[in-house]
1. Any of B:93/B:128; B:93/B:188; A:309/A:378 with alpha carbons more than 26 Å apart? Name them for me.
2. Just to be sure I follow the definition: excluding the sites themselves, where is the longest run in chain A that has none of the GluC sites (Glu not before Pro) in a DSSP loop with at most 16 other Cβ atoms within 10 Å?
3. Can you give me the Kirkwood hydrodynamic radius for the stretch A:334-393, using every pair of distinct Cα atoms, in Å to one decimal?
4. Using a 4.7 Å Cβ cut-off, which Cys residues in chain A lack a partner cysteine?
5. Would you pull out the residues with amide H under 5 Å of residue B:106's amide H, same chain only if 5 or more places away, H placed 1.01 Å from N?
6. With no solvent and one point per C-alpha, what does the Debye sum give as log10 I(q)/I(0) for the stretch A:86-162 at q = 0.12, 0.18, 0.25 Å⁻¹?
7. Could you give the alpha-carbon Rg of the stretch A:266-423 over 2.2 N^0.38 Å, rounded to two decimals?
8. Provide, as a two-decimal number, the C-alpha radius of gyration of the stretch A:167-256 over 2.2 N^0.38 Å, N being how many residues it has.
Amino acid sequence: MPADRVPVKPSGWSRRSLLTGAVAGAGATGIGAVSAAVVGGQAPWSAAARDETRPGQRVEPFHGARQAGVATLPQAFCAFVALDLDAAATHESMRRLLRVLTDDASALTQGQAPVNDQEPWLAENPSRLTVTVGFGPRAVSLVDRSRAPGWLRPLPAFGVDRLQDAWNQGDLLLQLCCDDRLTMAHAQRVLLKDVRSFASVRWVQDGFRNTVGATPDGQSMRNLFGQVDGTSNPYPGEEDHEQVVYGRDGFTPWIENGTSLVLRRIHMNLDTWDEADTPAREDAVGRRLTDGAPLTGQKEHDEPDLDAKGPLGFPVISSYSHVRRSRSPNPDEKIFRRVYNYDLAVQDASGRSGSGDVSGGVSATGLIFASYQADPLKQFVPIQKRLDELDMLNTWTVPIGSAVFAIPPGCESGGFIGDVLFT
Amino acid sequence: MNLDNNTTTTSTAGRRAGATPPLAHRAFAAVAALGIGLATLTGCSASGGGAESSPSASQSASDAPLTLDNGWAKAADSGTTAAFGTLTNTSDKDVTVTGASADGTAGSVQLHETVTDSTSGSTTMRQKDGGFTIPAGKSTALEPGGNHIMLMDLTCSLKAGADLTLQLHSDAGTKTVTVPVRDYSGAKEEYTPGEDASGSSNSHEAMDMSSASPEASAGSSEYAEHSGHEHSSGGSTEGSGSSHAGMDMSSPSSSALPECHAG
């Protein structure tokens with residue numbers, strides 16, 4: 001394919017993220033070294049300093065007004081972990097839980113082992129690890145019922161949904177994203193050990209994208225349908241990102257610097273997708289498979305021309321296409337998506353999965369559709385309603401899980417995630 | 001035997017020291033030691049919200065020239081537990097930590113060491129004769145499998161995410177420190193009063209590291225090879241014993257003791 005298939009994000013999303021990322025601290029350098037009194041700050045001669053460009057040593061900031069993991073350039077891997085709080089959970093136990101999670105997340109994301117980490121060496125390559133905490137209805141209720149946003153409840157039912165309770169909701173969400181799978185597995189284990197006396201794991205959704213360096217910088221991800229995924233997205237740095245994600249001009253965020261996460265697990269039937277040839281696939285979406293360009297354009301980020309007609313007078317971008325149906329004349333109806341693929345191991349996989357099936361065939365594949373917006377009811381739901389009514393992609397996709405979380409603001413050093421709700 | 005442990009703890013101290021910057025805000029901030037009676041276990045905040053800033057906010061006139069960095073204590077609903085961290089002597093004279101207390105939290109507190117019996121190979125925790133002497137400007141690591149501060153006869157349930165305030169008594173005065181409480185599956189200690197499993201000359205109460213005494217002898221050789229690693233006896237370690245840090249996922253308030261609080 002021609003070189004111009006590699007679009008550059010208009011926002012420079014990735015570039016900025018990488019350049020501002022600091023380098024992991026001295027966590028990796030102290031082994032067998034000297035006493036606490038001697039090892040003070042970050043030694044300039046440390047291995048970390050020499051390895052500045054090593055992907056494993058890249059870090060994303062933890063502290064700040066907003067939590068990391070939303071505007072962060074998507075890491076290669078992401079685990080969404082929903083927790084069910086114990087029946088005995090209280091306001092005070094929530095405070096203790098959030099303190100512990102914050103302490104360990106703030107250490108792990110900076111490449112440093114928590115005080116009670118029994119495998120501290122696994123924390124030495126943070127690989128841009130981020131940990132993002134989200135509140136389900138019960139968590140907000142326990143922390144501060146008066147602050148519970150009206151939209152923090154299950155989405156309205158959609159006709160295309162075939163939701164499985166095993167993938168629905170949860171009281172608390174931990175979103176771990178990382179460029180290294182081993183580092184992430186360790187971080188997940190550490191945090192779940194922390195959680196154990198407060199909650200149980202409801203579900204874990206493991207997602208992946210291309211690994212670091214596999215694709216040109218700035219290229220949109222492809223999903224397992226082979227489509228360029230997420231072209232139309234208000235990227236950080238772009239004009240509407242702030243409004244879409246954190247509210248402004250008409251959207252009131254549930255709390256300043258807070259946002260929401262709608263997490264939809266969408267099964268993709270690759271077996272029936274296989275039956276569709278390229279023209280049918282491109283017609284269903286309204287974009288070219290080769291580069292994600294709209295059928296009316298030349299490059300991925302060209303604006304689709306919904307009025308363009310073909311030689312026979314039919315719209316070039318068809319009336320049922322995903323591109324047309326997901327666009328709204330209402331500028332408020334925008335979301336910020338940060339999606340991951342999933343591809344589960346299937347035992348005794350064989351045969352083909354039929355139309356509408358969410359199991360069978362040789363793979364269990366889909367998309368973890370993570371959508372961030374100030375107000376799910378005003379932003380996400382109208383889009384999904386339109387897609388529910390008509391979207392040719394529904395032929396091959398089935399939502400099988402749905403959850404909504406309120407993402408609290410970040411915290412400063414010395415605080416903890418959600419602390420502003422405890423005052 | 002002690003040399004092995006000391007070697008281990010020294011290297012770990014170095015690693016943990018490297019982890020200091022982001023943790024410093026909630027590591028063992030010093031609190032004025034106004035008197036033994038004031039040592040209490042605090043909840044996350046004495047000031048109602050800024051959980052982690054309160055300990056450092058109350059930092060004041062220092063007495064004993066000691067710091068405890070990256071400190072923490074193991075959560076426990078009752079019985080015994082332990083506290084750890086990197087203990088540093090910031091003065092230019094040797095300091096000996098002779099004891100500790102945690103009034104309002106533990107009936108008694110002792111300084112413990114872990115020793116391996118030269119004949120049986122079994123590892124035992126016992127009170128450290130003469131306390132911990134820290135040379136001028138040096139540090140010593142208190143950690144699971146090594147030296148530690150042992151809390152006995154808990155009078156309240158020490159929950160993960162709370163804070164524990166300890167007073168460290170030394171020949172250079174007393175230092176009050178506050179450490180976060182964390183769940184931890186290791187650092188198992190069975191309190192067996194009047195029994196000195198190590199057979200050493202020391203007559204203090206011994207802490208058998210194994211969670212079940214039959215395993216103590218069966219697994220003794222493993223202990224010898226893995227001193228410093230508390231899970232070396234094999235088999236499942238999670239959830240056994242009475243520790244809160246085990247698999248008790250659903251009943252955080254099931255203990256008979258009230259939750260440790262500072263109000």
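1. In this structure, B:93/B:188; A:309/A:378 exceed 26 Å between Cα atoms.
2. Numbers: sites that count: A:52, A:238, A:239, A:256, A:275, A:412.
The longest such stretch corresponds to A:53-237.
3. Working: mean 1/r = 0.0722 Å⁻¹.
Radius from the Kirkwood sum: 13.8 Å.
4. Singleton cysteines: A:178, A:411.
5. B:155
6. -0.54, -0.85, -1.08
7. Numbers: Rg = 19.2 Å, N = 158, 2.2 N^0.38 = 15.1 Å.
Computed over Cα atoms of the stretch A:266-423, the ratio equals 1.27.
8. On the way: Rg = 17.2 Å, N = 90, 2.2 N^0.38 = 12.2 Å.
Rounded to two decimals, the normalised Rg is 1.41.
Readers should treat all values here as calculations from the given coordinates under stated rules, not as data from a laboratory. Source: prediction; values computed, not measured. Cβ: placed from backbone, ideal geometry, glycine included. Neighbour counts: every protein chain shown.
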